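So the structure is just underneath, and the comments pick up after that.
Bear in mind that the values in this text are calculations on the coordinates, not laboratory data. As the structure is a computational prediction, the values presented were derived from the model and not from experiment. Neighbour counts run over all protein chains shown; Cβ positions are idealised from the backbone, glycine included.
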Amino acid sequence: MSDPLPSSDPVELLAGLSLFADLARPQLEAVAHSFEEEWVEAGRRVLRAGFAGNSVYVIAEGEASVGIEGREVNRLARGDFFGEVSVLLGEKPFADVTALTPLRCLVLPGGQLQGFLLSYPAVAYRMLQAEARRLRRTTLGPE
Amino acid sequence: MSEAHPPGTYPAVVVGSGPGGLQASYSLSRLGIEHAVLSSDPAPGGMFRSFPFFQRLITWTKPFAPAERGSRAYGRYDWNSLVADEPAHAAPVWELMDGTSYFPSRAEMEGAMVAFAERAGVAVRYGCTWEATRREDDGGFTVVTTDGEYRCRVVVFAVGMTEAWTPPVPGLDACPHYVETAAPKAYEGKDVFIVGKRNSGFELADGLLASARRIVLGSPRPARLSVIAHSTAAARARYLQPYEDHVLGGGTLVLDAAIERVERTGSGYRVVAKGTTIPHDWTFDVDHVIAATGFATPMRDLPDLGVATFYQGGRLPAQTPYWESTTVPGIYFGGSITQGSIGLKKYGVPSNSSAVHGFRYNARVMAEHIARTHFGIQPTRRRLEAGALVPLLLSEMAGAPELWNQQSYLCRVVTASPEAGLTDEGILPLADFVDAPGRDAVGVTLETDDTGDIHPALYLRRDGTVTEQVLPGNPLLDFETAEHRAQLAAAVSWLTG
């Protein structure tokens, strides 16, 4: 089953992403206003390895490639997020993320991540689940 | 109606006669690119012909500053004047300021725009409205106007974020927008609900403190303050009086609330809202509601041509680092619309491309890019002796207004090759420099980190890979210390072999 087309209304858009699935409408509105929106053309980097001060990105539309030293290690699509590992660890990103198609992202500056997750524990729990799935995948291989 | 630029064929067309259009036209002219400038207005100035509503800007021009007036370095302290290459072309805003504030009045700003158009020789066809756009088979465009058709290879739309924008809240579209605010007298003794907690919302609240009975500011997200966010995009200090009134219990309310709907109630309005940071159901019966909810780019038929847009359903066109449409080559944007080219946005700090002190520099870089890629004109580049590299970069990070005003967005670049030696490439978009392939090079810019520390940052491109190296900050913002010189020299020594 394919996803319905992403909405241009930022609240509807968030409501359709699993990371925010537990939030009520007023909370979604506040979250929608906390995130900025970015649009990146295919072929451009969104996250750059070794550069400090990065943000956390949630893909609203499009596909991206995760690369380490030019080698693709993962692909990301609508609903996936990236950039959080370096922010949580206070380190520079170790991977590049490059847009494979035109990419629309919701963006939260790294410095706001902690306050955001503490304000919305339901999102923190969803994010933890996603990290657990990633850990399982890297430990056991693809499901 | 002006007689300049009759309909016909031109290499390029610029639409708009606000600061963005004037700066783009001037920069194109300096490179010898013939173009028509078209504007629906009767005179220069764009939004500054009417706004800000309370008639004083939030961007400063310091009549007395540590840098000499008229020098390039002065641009760091003068956020409002357009940039000229020759002193005779300049129309600095401070010349017109009456000395009562370092924020020019709207009229002073408008006057400076008029003076710039005159002194810099920017000819505009006024009263000529852009109505439609066609893409031609040869890759060029036809700009259809009230005066006729203009054929061209490149169009620069510098039409401002000038369309009142209202979020899809039931009933809000029937309330006056910021642009429809009445004179303060109309709000005397009234209850006023302002939707929006950005600069335009706080500007109105500040201006109505002396007349309104009670002011409520409401929007979903907590107010962000410029001194906390390190950004001019957050609420500016001089509009914070309503916020202080709220914090000290003066009666003004600043609420984090999602507006569910607005209803008419006889002579007034009922605002139904839900608290976001603190859950609560609220109903406000007020005399006036004003939507200070921002602006959108008047895109007209550009989306039909394939111009991609984004941001809350399309308030901005998607742009490359050189402010070209990502989807329709040959269509460029100028002025405040250039904020749609986001850049690295390090530490969450956006560019200043929404304001004159940012976008005036974008225009120069864009004009050079247009000259190179569409007209085969190579802007002159200066060769550098090896011994000149460190002094140049050091003085740029100490005082270049492009780097101070457009932190982590524009950078000064020097490339190196065995044949040509060192070349000063001038100012370039950082987002392009760090991702584009090319010769070994160094780019320098400034950045502000999470702690508010401002410091220089170097980007070193070696064998195709770009690494970042941050230099120390300095409490006096002096980046020409012996320590900076030594660290810089060590970082770039490989470039000079």
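Please check chain B for the longest run free of GluC sites (Glu not before Pro) that are loop-located per DSSP (anything but H, G, I, E, B) and have at most 15 other Cβ atoms within 10 Å. Here the longest segment lacking exposed loop sites spans B:189-384. Centroid-to-centroid, using Cα positions, segment B:143-161 and segment B:419-497 are 38 Å apart. When all alpha carbon pairs of chain B are counted in 10 Å bins from zero, the resulting P(r) reads 4, 18, 27, 26, 17, 7, 1, 0 %.
Checking the cross-link filter: which aspartates and glutamates have an alpha carbon closer than 19 Å to that of residue B:190, excluding same-chain neighbours under 8 positions apart? Partners found: B:180, B:203, B:206, B:245, B:263, B:285, B:287.
Comparing Cα centroids, segment B:244-307 and segment B:360-410 end up 42 angstrom apart. Helical runs (DSSP H, four residues minimum) scored at -39500 (n - 2.57) apiece and divided by the length of the protein assembly as shown put the mean residue ellipticity at 222 nm at -7000 deg cm²/dmol.
Our compactness index for segment B:385-496, the C-alpha radius of gyration over the empirical 2.2 N^0.38 Å, is 0.99. Here segment B:46-86 and segment A:30-106 have alpha carbon centers that stand 36 Å from each other.
Compactness ratio for the protein assembly as shown: Cα radius of gyration over 2.2 N^0.38 Å (N = residue count) comes to 0.97. Here the convex hull built on the C-alpha positions of segment A:17-64 has a volume of 102 cubic angstrom per residue.
Between the helical axis of B:482-492 and the longest alpha-carbon principal axis of chain B there is an angle of about 70 degrees. Using only alpha-carbon positions in segment B:170-318, the gyration tensor eigenvalues give semi-axes of 26, 19, 16 Å once each is multiplied by 5 and square-rooted (largest first). Over 29 Å apart at the Cα level, from the set B:274/B:346; B:62/B:197; B:62/B:345; A:92/B:197, are B:274/B:346; A:92/B:197.
Note the angle between two axes, namely the Cα long axis of helix B:19-30 and the longest principal axis of the Cα atoms of chain B, as a number of degrees from 0 to 90, rounded to the nearest 10. Compared with the principal axis, the helix lies near 20 degrees. In chain B, the DSSP beta bridges split such that about 70 percent are antiparallel, to the nearest 5.
Among beta bridges from DSSP that stay inside the protein assembly as shown, the antiparallel ones total about 75%.
Grouping the Cα pair distances of chain A into 5 Å bins from zero gives a pair-distance distribution of 2, 10, 19, 23, 23, 15, 7, 1, 0 percent in increasing distance order.
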